[in-house]
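Enquirer: Below are the structure tokens for one structure; questions will follow.
Any read-out appearing in this document is the output of simple, stated calculations on the displayed coordinates, not a laboratory observation. The structure presented is a predicted model; accordingly, all values stated were derived computationally and were not measured. Every residue, glycine among them, receives a Cβ derived from its backbone with ideal geometry; neighbour counts consider all protein chains shown.
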Amino acid sequence: MKDLIIIGGGPGGYVAAIRARQLGMSVVLIEKDAYGGTCLNRGCIPTKSYYQNAVVLKSIMSSHEFNVQVDNLSFDMAGARQRKNGIVHKLVSGVEKLLQVNGVVRIKGTATLRDRNTVLVNGEEMQARNILIATGSIPASLPIPGIELRGVMNSDQLLDLDKVPERLAIIGGGVVGLEFACIFNAFGSKVTVLEYMPELLYNMDHELGKRLRVFLKKQKIIVHTSAAVEKIEALEECWQLTAAGKKGLVKTQADAILVAGGRKACTTGLMLDTLGIATDGNGFIKVDSHFATNMEGIYAIGDVIGGAMLAHVASEEGIAAVENMAGIDTVVHYDAVPACVFTIPEISSVGLSEEAAKSKGIDFRSGKFQFAANGKALALGEPDGMVKVLADQEDVIIGMHIIGPHASDLIMEGTMMVRNRMKISDIIGTIHPHPTLNEAIMEAVLDIHGRAIHLAPPRS
């Protein structure tokens, strides 16, 4: 009998497997597809590969601002796809090698739970003292008439296109929808986004979505919020979406449609109901703070339990789960989870948004600093955006929200602040190098008390 069987080799499962081996456990990892899961094969890495293509294209198209003239610009979508696939293959191979050198037994196949200690895979039963479910999530469909038509795709399918659609309609103004909107806009598509909620990125600080909408408009990306898509119809040479908007019906014609309406737990074939493993009303597995299910010896982590469906969260949960199995009391600090959105410009966030702070009854103050006043941002030619920092009445940093250049890299400073409940006084006096984008963070912190150096004082 093994110590641990893990079902799913994504960023939760494979990280848990390696950590378990470090703790001396014998581990079997079962994966039906490619190691690395959605993130590595169909999510984070492929989209960031395409995102870099988009950033390069944007830079070339604005090269005249840097006194560089470029003629006869063209983009090869098939070549970009090949580059993306090469990056994915290299990283998947790296994960496989890591598992091998750590002594993780790997099995390709689809797993079914038989009881609290037994898993059936490839017609054979395997037993372990503990079982960890890390099967992730899959794109969710939406109850829209016509959604099954040929030109309607999920994010997995859009990543496999070898031709840029002339017109792309995106249902959903969340992270996935907006990242693809910016990517394919840079590739040359005329992009329209239809979002059901009144704001883009509704679960983040609302100021981020409002500011992003302005920047999307500058890129000629059409955005309709408070727009409920009612049907999709096939016309002679394209598709038409009809949505109920704030001012009546909105009709959009497109050559391809992306449905980016969220994700659902991937639990098909696990036989959770048969075993009596509890799930919530949306099909996500219920766990306690140690990631144990209601059945002794069976644990679950990552997207399959819902919550913050992010690769880095799944990895942290995987580590915490196996450490708890080993008797190490470990918790995940969900109050300091950084989130990054690779739009143009980038967005990142950690801690409480203004809306969340208000809902908790927290009396807070905010400080802001615009990248338009930052020397490095101006030198980069990327002056759009700002840093916003929130602090409570005891001066504890409770949130940071960034829209602008390299936001995904800058947020780590805010994550350390929120995770360690640092106060404004802990930050002041920490010398930030010049000229860097990080200076905007210090200025935003200083602005909470009106001490920012490169901001005009408020009028009395």
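Enquirer: Report the relative contact order of the stretch 345-447, percent, no decimals, based on alpha-carbon pairs under 8 angstrom and at least 6 residues apart.
Expert: With pairs under 8 Å counted, the relative contact order is 34 percent.
Enquirer: Where q = 0.20, 0.28 Å⁻¹, what log10 of I(q)/I(0) comes from the Debye formula for the stretch 161-220, counting one point per Cα?
Expert: Here log10 of I(q) over I(0) equals -0.71, -1.24.
Enquirer: May I ask you to sort His434, His454 by Cβ crowding, counting other Cβ atoms within 10 Å and putting the fewest first?
Expert: His434, His454
Enquirer: While we're here: Could you give the nm distance between label points at Arg106 and Asp426, where each point is 7 Å from its Cα heading toward the beta carbon?
Expert: Once both label points are built, they end up 4.0 nm from each other.
Enquirer: While we're here: Out of the stretch 12-81, which trypsin sites (Lys or Arg not before Pro) are coil in DSSP terms and have no more than 16 other C-beta atoms within 10 Å?
Expert: Filter output for the stretch 12-81: Lys32.
Enquirer: While we're looking at this one, here's another question. Among Leu113, Phe66, Pro345, pick out the residue whose Cα is farthest towards the positive end of the charge dipole of the chain, where Lys and Arg carry +1 and Asp and Glu carry -1 on C-beta, about the Cα centre.
Expert: Value: Phe66.
Enquirer: Cysteines of the chain lacking any other cysteine beta carbon under 4.7 Å?
Expert: Cys182, Cys238, Cys266, Cys340
Enquirer: For the stretch 345-447, what D do you get in µm² per second when you plug the Kirkwood radius from alpha-carbon pairs into Stokes-Einstein at 25 °C and 0.890 mPa s? Don't skip to the answer; put the middle values down first.
Expert: Numbers: Rh = 13.5 Å.
Rounded to a whole number, D works out at 182 µm²/s.
Enquirer: Still on this structure: Determine the distance separating the Cα centre of the stretch 343-378 from the Cα centre of the stretch 244-316; give it in Å without decimals.
Expert: 28 Å
Enquirer: Once P(r) over Cα pairs in 20 Å bins from 0, in percent is worked out from the coordinates, which option in (i) 22, 52, 25, 1; (ii) 15, 23, 20, 16, 16, 6, 2, 1, 0; (iii) 20, 42, 31, 8, 0 does it equal?
Expert: Matching entry in (i) 22, 52, 25, 1; (ii) 15, 23, 20, 16, 16, 6, 2, 1, 0; (iii) 20, 42, 31, 8, 0: (i).
Enquirer: Let me ask something else about it. Taking the Cβ of each residue in Asp76, Asp363, Asp33, Asp384 as the centre, tally the other Cβ atoms inside 10 Å and list the residues starting with the fewest.
Expert: The fewest-first ordering by Cβ neighbours comes to Asp363, Asp76, Asp33, Asp384.
Enquirer: With a Förster radius of 22 Å, plug the Cβ-Cβ distance of Gln253 and Val214 into 1/(1 + (r/R0)^6) and report the FRET value to the nearest 0.05.
Expert: 0.30
Enquirer: Just to verify a number: FRET efficiency for His64 and Ile87, C-beta to C-beta distance, R0 = 35 Å, to 0.05? Walk me through the intermediate numbers first.
Expert: Working: r = 30 Å, r/R0 = 0.86.
Here the calculated transfer efficiency is 0.70.
Enquirer: Let me ask something additional. Nothing charged except the Cβ atoms of Lys and Arg (+1) and of Asp and Glu (-1): what's the magnitude of the dipole of the chain about its Cα centre? Round to the nearest 20 debye.
Expert: Charge dipole, the chain, about its Cα centre: 520 debye, nearest 20.
Enquirer: What nm value, rounded to one decimal, do you get for the distance between Asp335 and Tyr202 when each label is placed 7 Å out toward the C-beta?
Expert: About 2.7 nm, to one decimal.
Enquirer: Taking 8 Å as the Cα distance limit and 6 or more residues as the minimum spacing, I'd like the relative contact order of the chain as a percentage.
Expert: Relative contact order of the chain: 14 percent.
Enquirer: Calculate, for Asp273 and Met412, the FRET efficiency according to 1/(1 + (r/R0)^6) with r their C-beta to C-beta distance and R0 35 Å; round to the nearest 0.05.
Expert: The computed FRET efficiency comes out at 0.25.
Enquirer: By per-residue mean of other Cβ atoms within 10 Å, what is the highest-first order of 335-344, 165-174, 371-380?
Expert: On the way: 335-344: 20.9, 165-174: 23.9, 371-380: 17.4.
Highest mean packing first, the order is 165-174, 335-344, 371-380.
Enquirer: Now a separate question. Let a ≥ b ≥ c be the square roots of the eigenvalues of the Cα gyration tensor of the stretch 180-250; is it rounded (a/c under 1.5), or, if not, prolate (a/b larger than b/c) or oblate?
Expert: Since a/c reaches 1.5 but b/c is at least a/b, the shape of the stretch 180-250 is classed as oblate.
Enquirer: What is the dipole size for the stretch 345-447, taken about its Cα centre, with +1 at each Lys and Arg Cβ and -1 at each Asp and Glu Cβ, in debye to the nearest 20?
Expert: 160 debye
Enquirer: Contour minus end-to-end for Thr118 and Thr436, with contour as 0.36 nm per residue of separation and end-to-end as the Cα-Cα distance?
Expert: 109.0 nm
Enquirer: Using +1 at the Cβ of each Lys and Arg and -1 at the Cβ of each Asp and Glu in the chain, identify which of Ala452, Leu4, Val304 lies farthest towards the dipole's positive end.
Expert: The one lying farthest along the dipole's positive direction is Ala452.
Enquirer: With each pseudo-label sitting 7 Å past Cα toward Cβ, what's the His454-Asn294 distance in nm, one decimal?
Expert: Inter-label distance under the simple model: 5.6 nm.
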